[in-house]
Amino acid sequence: QVQLVESGGGLVQPGGSLRLSCAPSGRIFSIFDMGWYRQAPGKQRELVATHTRGSSTNYADSVKGRFTISRDNAKNTVYLQMNSLKPEDTAVYYCNVRAVATMGSPPQDAWGQGTLVTVSS
């Protein structure tokens, strides 16, 4: 079972920046796609950004030009750099990883516990 640990959320003023991090809590055999999703109060969870193992990235239109997803394969860590934050970016942010926990086991989708980002003055 793949378990993920997120960090980096918090309270920031509009126009500010935050960086989120996510990594497996234990050893892992292989990671494929990594990504970030968010869920605002009263809304459905939505994709923010994804990063394939082949270095392709994809962003929601609402964050293009402001957010950057990156990954450190040596550390099995994915990051989300969020700049020019807006109040509408307020949400719980979830890390998502498609990975193989041990050799021979099937790929599985894992989710982090979520980290709250609040953009407010």
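When the residues of the stretch 1-30 are narrowed to those that are open to solvent by 60 Å² or more (accessible area, probe 1.4 Å) and hydrophobic (A, V, I, L, M, F, W, C), which ends up modelled with the lowest pLDDT? Here the answer is Phe29. Against the definition (on the phi > 0 side of the Ramachandran plot, of a type outside the set (Ser, Thr, Tyr) and open to solvent by 40 Å² or more (accessible area, probe 1.4 Å)), how does Gly65 come out, yes or no? In short, yes.
Might you let me know whether the stretch 61-79 holds any residue that is of a type in the set (S, T, N, Q), out of contact with any Asp or Glu (no Cβ under 9 Å at 6 or more places or on another chain) and more than 21 Å from Gln1 (Cα to Cα)? Within the stretch 61-79, one or more residues are of a type in the set (S, T, N, Q), out of contact with any Asp or Glu (no Cβ under 9 Å at 6 or more places or on another chain) and more than 21 Å from Gln1 (Cα to Cα).
The values are calculated or read from the model by the stated rules, or taken from the named source; none is laboratory data. These figures come from a predicted structure and were not determined experimentally. Every residue, glycine as well, gets a Cβ built from its backbone with ideal geometry; the counts of neighbours run over all protein chains shown. These accessible areas exclude ligands, DNA and RNA; they are computed on the full protein's heavy atoms, side chains included. Shrake-Rupley method; radii C 1.70, N 1.55, O 1.52, S 1.80 Å.
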